[in-house]
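The values are calculated or read from the model by the stated rules, or taken from the named source; none is laboratory data. It should be emphasised that the depicted structure is a prediction, and the values quoted were computed from it without experimental measurement. Quick reminder, even Gly has a Cβ in these numbers, built from the backbone with ideal geometry, and neighbours come from all protein chains shown.
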Amino acid sequence: MVNQTISNYSHQDVLIVGGGPAGLATALMLAKRGWKNITVLEKRPTADYYEPDKAFNYSIDGRGQKFTDFLQITDKLSEIAVPSTEFYLTLIKADGRCYSLLSP
Ligand SMILES: Cc1cc2nc3c(=O)[nH]c(=O)nc-3n(C[C@H](O)[C@H](O)[C@H](O)COP(=O)(O)OP(=O)(O)OC[C@H]3O[C@@H](n4cnc5c(N)ncnc54)[C@H](O)[C@@H]3O)c2cc1C
């Protein structure tokens with residue numbers, strides 16, 4: 001039923017507003033499922049400008065890696081990324097109490 005619905009619509013044009021992770025993931029998922037004419041509109045002029053006075057790292061957690069596995073790009077990403085098989089988040093409260101969680 002779902003596949004029949006997809007094939008009914010996959011010839012139609014798609015416009016996605018916003019080229020963040022959600023927009024790009026949607027575009028990639030649709031392309032993988034047969035949509036041909038997908039346009040992503042992004043208001044930022046380039047992908048590389050993001051607060052250049054700060055340093056960022058971007059962590060793709062276990063759920064995110066299921067998605068990169070689905071897209072078959074995990075190996076490509078691991079060539080340019082630092083692996084972290086066990087990643088802990090630590091929350092330090094104002095009163096000094098501290099909690100650590102294993103990231104999913
Ligand atoms: C400092 C920081 C660190 C983070 N680190 C991580 C991390 O390590 N791992 C992780 O998983 N998540 C992290 N996050 C969270 C993650 O960035 C967000 O969950 C994610 O970006 C949300 O994706 P999104 O596509 O929904 O929205 P956004 O990333 O906000 O993307 C929306 C896009 O739409 C564009 N847009 C908006 N309005 C318009 C318009 N009218 N026309 C055209 N384009 C438009 C914006 O320019 C933007 O590019 C972090 C967030 C921050 C702020």
Where a residue in region 58-75 is among the aliphatic types (A, V, I, L, M) and at pLDDT below 90 and its partner, wherever it lies, is within 13 Å of the ligand (Cβ to nearest atom) and assigned to a helix (DSSP H, G or I), with Cβ under 6 Å and at least six apart: 71/28
Given (1) within 13 Å of the ligand (Cβ to nearest atom); (2) of a type outside the set (Lys, Arg); (3) touching a residue at least 40 places away in the same chain (Cβ under 8 Å), number of the condition residue 15 does not satisfy: (3)
Test: residue 26 is loosely packed, with under 11 Cβ neighbours inside 10 Å, at negative phi and among the polar types (S, T, N, Q): no
Given 41, 89, which one is of a type outside the set (Val, Ile, Thr), touching a residue at least 24 places away in the same chain (Cβ under 8 Å) and touching a strand residue (DSSP E or B) at 6+ places or on another chain (Cβ under 7 Å)? 41
Residue, farthest from residue 32 (Cα to Cα), within region 69-88, restricted to residues that are over 16 Å from the mean Cα position of the chain (by Cα) and not in a helix (DSSP H, G or I): 88
Search result, residues across region 29-41 that are under 18 Å from the mean Cα position of the chain (by Cα) and surrounded by 11 or more Cβ atoms within 10 Å (Cβ to Cβ): 29, 30, 31, 32, 33, 38, 40
Quick check on region 42-81: of everything there that is surrounded by 12 or more Cβ atoms within 10 Å (Cβ to Cβ), within 12 Å of the ligand (Cβ to nearest atom) and of a type outside the set (Val, Ile, Thr), which residue is farthest from residue 16 (Cα to Cα)? 81
Somewhere in region 4-11, is a residue at pLDDT 90 or above and either part of a loop (DSSP other than H, G, I, E, B) or within 12 Å of the ligand (Cβ to nearest atom) (or both)? no
Could you check, for region 20-30, whether at least one of its residues is assigned to a strand (DSSP E or B), within 15 Å of the ligand (Cβ to nearest atom) and either among the hydrophobic types (A, V, I, L, M, F, W, C) or modelled with pLDDT under 90 (or both)? no
Residue check, residue 94 against (1) assigned to a loop (DSSP other than H, G, I, E, B); (2) away from the ligand (no atom under 15 Å from the Cβ); (3) closer than 30 Å to residue 10 by Cα, all met but one. Which one? (3)
